[in-house]
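The values are calculated or read from the model by the stated rules, or taken from the named source; none is laboratory data. Bear in mind the structure is a predicted one, so any value in this text is a computation, not a measurement. Cβ placement follows ideal geometry from the backbone for every residue including glycine, while neighbour counts extend to all protein chains displayed. Just the protein is used for accessible areas: all its heavy atoms, side chains included, with ligands, DNA and RNA removed. Shrake-Rupley method; radii C 1.70, N 1.55, O 1.52, S 1.80 Å.
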Amino acid sequence: MRFLIFSLFFVTSLFSQEIDNSFITKFEYGAMLYDNPRGIGCVKCHAKGDKPVIIAKYKEKDKKGKKLIEKSIIAPAINNVSFEVFIDKMTADKTESKIMPTYFLTDEELKSLYYYIKNINKK
């Protein structure tokens, strides 16, 4: 009987590492953060994250002040960015970029968000 119980425990522990039995999965938590990370959601500018998105277009005078040049503010694709670059951009001093909002996310939230971004188009 002991052997049977031990065998069941051993087999169960082997498979439990592959199954996520938590209330909310890392992917679901990342999706929630992507939609609303305590501020403007990533989805507003990056959509599904798989291609650049034009946020706004505007016109600016050339250096001589005579001709109007059309310019765009573009949110880049983010699904292929490395974790190091992702963390760098998410924790950067915002004087560097006046477009990307400041987020105050924990390390675990950043990991979940990155996991979601890497897997958003696979589901």
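The residue pairs whose first member lies in region 81-95 and is part of a helix (DSSP H, G or I), whose second member is aromatic (Phe, Trp, Tyr), and whose beta carbons are closer than 9 Å, counting only pairs six or more residues apart or on different chains, are 83/114; 86/114; 87/114; 90/103; 90/114.
Scanning region 71-93 for residues that are over 18 Å from residue 31 (Cα atoms) and open to solvent by 40 Å² or more (accessible area, probe 1.4 Å) yields a count of 12. Mind telling me which of the residues 26, 61, 98 ends up being touching a strand residue (DSSP E or B) at 6+ places or on another chain (Cβ under 7 Å) and at pLDDT below 95? Every option except 61 fails the conditions. Among the residues of region 37-70, those identified as open to solvent by 70 Å² or more (accessible area, probe 1.4 Å) and more than 19 Å from the chain's Cα centre (by Cα) are 57, 58, 59, 60, 61, 63, 64, 66, 67, 68, 69, 70. Assuming residue 34 fulfils every condition listed in (1) open to solvent by 60 Å² or more (accessible area, probe 1.4 Å); (2) aromatic (Phe, Trp, Tyr); (3) modelled with pLDDT of 95 or more apart from one, which condition is it? The failed condition is (1). Picking from residues in region 71-105 that are more than 23 Å from residue 121 (Cβ to Cβ) and of a type in the set (Lys, Arg), the one that is farthest from the chain's Cα centre (by Cα) is 71. Residue by residue through region 52-80, note down the ones that are touching a helix residue (DSSP H, G or I) at 6+ places or on another chain (Cβ under 7 Å) and either assigned to a helix (DSSP H, G or I) or within 20 Å of residue 111 (Cα to Cα) (or both). Answer for region 52-80, where residues must be touching a helix residue (DSSP H, G or I) at 6+ places or on another chain (Cβ under 7 Å) and either assigned to a helix (DSSP H, G or I) or within 20 Å of residue 111 (Cα to Cα) (or both): 78, 79. Taking residue 120 as meeting all but one of (1) in contact (Cβ under 8 Å) with a residue 40 or more places away in the chain; (2) more than 16 Å from the chain's Cα centre (by Cα), write down the number of the exception. Residue 120 satisfies every listed condition except (2). Inspection of region 102-109 identifies at least one residue that is assigned to a helix (DSSP H, G or I) and open to solvent by 40 Å² or more (accessible area, probe 1.4 Å).
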